[in-house]
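Q: What follows is a single structure, and I will ask about it in a moment.
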Amino acid sequence: MRYLVVVVTSIILASVYCVEAFADVSYADLFLAGRGYKPVEESWPVKPSFTYPTDSNDMPDNQLYREWCVNTFRNGEQIYEAYKEIAFGINYRAEPSKTDYWQTPVETRRTKQGDCEDSVFLFFSKLSELDIDGDIIWGWVVDKENSVAFAHVWYQLFDKRGRPYIVEGFSKEWNGIIPVEMITEGERRVPTLMLRHNQVNRVVDEMTPRFSEAFEEDQFTWAVYMNNATLVKEIFQKLQVMFSRYREQMHQPS
């Protein structure tokens, strides 16, 4: 029931905005370029240029940022490695119009490119077995300066004291784990659906089939009334399809 409440309240908020889509740029291109949150300086004297990575050894390392992650978050070492991969190991790729294919982490690592949800699932995949205080969130990001909004998927992480951070990939900098209060200075995030880190696998295995059946039987009258049944149903269906394909790939011989 917790998931339903999040869906209802956030969809109401999202409906007040006039939405414009940015299909050809990432969140890093729009908001993180030269900014973001830098709790430590880079470990190298000159920032390298980046092209498509060829293997994981091409990714830089930042011992100071690693130490910051360890001191700030539970399982900070693993969070550092997961962030490093989505910040430096993959490049943003916009999907063709009217296409929304959710790559598995295996596919994202192989192609070394993807979009926002691909980055989030890659980040989640390296931490899925750990007790992480975090959420996967679908929703809208609204630029306060011009009231333009675009659909987005992001990961919300909490530190040892419960302070929330937003995790963003593709920036090619050590600036993508950002305190929420810093983000709210220039933008507003409007969640549509939020899944707790430790509940994602359970939702996919147990709740998603029940959600699909309930939508087919019109049990969620509030969703039908607000014309959002299709949106929420598609999220759960895509989750189920992607995770099913991912588990098959994980059991294939390398």
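The values are calculated or read from the model by the stated rules, or taken from the named source; none is laboratory data. Source: prediction; values computed, not measured. Note that each Cβ is placed from the backbone with ideal geometry, even for glycine, and that neighbours are counted across all protein chains shown.
Q: Given the structure, is Ile79 out of contact with any Ser or Thr (no Cβ under 8 Å at 6 or more places or on another chain) and modelled with pLDDT of 95 or more? Walk me through how you get there before you give the answer.
A: Values: out of contact with any Ser or Thr (no Cβ under 8 Å at 6 or more places or on another chain): yes; modelled with pLDDT of 95 or more: yes.
Criteria met by Ile79.
Q: Has the range 142-151 got at least one residue that is under 29 Å from Lys112 (Cβ atoms), modelled with pLDDT of 95 or more and not acidic (Asp, Glu)?
A: The answer is no, given that none of the residues of the range 142-151 is under 29 Å from Lys112 (Cβ atoms), modelled with pLDDT of 95 or more and not acidic (Asp, Glu).
Q: Could I ask something else about it? Somewhere in the range 209-224, is a residue touching a helix residue (DSSP H, G or I) at 6+ places or on another chain (Cβ under 6 Å), modelled with pLDDT of 65 or more and assigned to a helix (DSSP H, G or I)?
A: Within the range 209-224, none of the residues are touching a helix residue (DSSP H, G or I) at 6+ places or on another chain (Cβ under 6 Å), modelled with pLDDT of 65 or more and assigned to a helix (DSSP H, G or I).
Q: Here is a list of conditions, (1) under 14 Å from the mean Cα position of the chain (by Cα); (2) crowded, with 22+ Cβ neighbours inside 10 Å; (3) among the hydrophobic types (A, V, I, L, M, F, W, C), and Cys69 meets all of them except one; can you say which number that is?
A: Of (1) under 14 Å from the mean Cα position of the chain (by Cα); (2) crowded, with 22+ Cβ neighbours inside 10 Å; (3) among the hydrophobic types (A, V, I, L, M, F, W, C), only one is false for Cys69: (1).
Q: Output the qualifying pairs, or none if there are none: Cβ atoms under 7 angstrom, residues six or more apart or on different chains, first residue in the range 122-148 and closer than 21 Å to Thr108 by Cβ, second residue in a loop (DSSP other than H, G, I, E, B) and among the charged types (D, E, K, R).
A: Once the first residue is closer than 21 Å to Thr108 by Cβ and sits in the range 122-148, no partner that is in a loop (DSSP other than H, G, I, E, B) and among the charged types (D, E, K, R) comes close enough.
Q: Oh, and also: Scan the range 84-100 for residues that are of a type in the set (Lys, Arg) and within 20 Å of Gly34 (Cβ to Cβ) and report the count. So that I can check it myself, show each step before the final result.
A: Restricting attention to the range 84-100, the residues satisfying the condition of being of a type in the set (Lys, Arg) are 84, 93, 98.
Subsequent filtering for residues that are within 20 Å of Gly34 (Cβ to Cβ) retains 84.
Total meeting the criteria: 1.
Q: Return a yes/no flag: does the range 13-27 have any residue that is in a helix (DSSP H, G or I), at pLDDT below 55 and touching a strand residue (DSSP E or B) at 6+ places or on another chain (Cβ under 8 Å).
A: Within the range 13-27, the subset in a helix (DSSP H, G or I) is 13-14, 27.
Those still in the list that are at pLDDT below 55 too: 13-14.
Keeping just the survivors that are touching a strand residue (DSSP E or B) at 6+ places or on another chain (Cβ under 8 Å) gives 13-14.
Yes.
Residue-by-condition table, conditions (1) more than 17 Å from the chain's Cα centre (by Cα); (2) at pLDDT 85 or above; (3) among the basic types (Lys, Arg):
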{"site": "Leu157", "(1), (2), (3)": "no, yes, no"}
{"site": "Lys172", "(1), (2), (3)": "no, yes, yes"}
{"site": "Arg188", "(1), (2), (3)": "no, yes, yes"}
{"site": "His197", "(1), (2), (3)": "no, yes, no"}
{"site": "Arg202", "(1), (2), (3)": "yes, no, yes"}
{"site": "Asp205", "(1), (2), (3)": "yes, no, no"}
{"site": "Met242", "(1), (2), (3)": "no, yes, no"}
{"site": "Arg245", "(1), (2), (3)": "yes, yes, yes"}
{"site": "Pro253", "(1), (2), (3)": "yes, no, no"}
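Q: Would you check if there is a residue in the range 162-169 being in contact with a Leu (Cβ under 9 Å, 6 or more places away or on another chain), in a loop (DSSP other than H, G, I, E, B) and under 22 Å from Ile235 (Cα atoms)? Explain how you work it out, then say what you get.
A: First, the residues of the range 162-169 that are in contact with a Leu (Cβ under 9 Å, 6 or more places away or on another chain): 164-169.
Now drop any that are not in a loop (DSSP other than H, G, I, E, B), which leaves 168-169.
Among the residues that remain, those that are also under 22 Å from Ile235 (Cα atoms) are: 168-169.
Checking the range 162-169: at least one residue is in contact with a Leu (Cβ under 9 Å, 6 or more places away or on another chain), in a loop (DSSP other than H, G, I, E, B) and under 22 Å from Ile235 (Cα atoms).
Q: Within the range 186-201, how many residues turn out to be under 14 Å from Asp131 (Cβ atoms) and not in a strand (DSSP E or B)? Break it down stepwise before answering.
A: Initially, the range 186-201 is screened for residues under 14 Å from Asp131 (Cβ atoms), giving 196-201.
Among the residues that remain, those that are also not in a strand (DSSP E or B) are: 197-201.
Here the count works out to 5.
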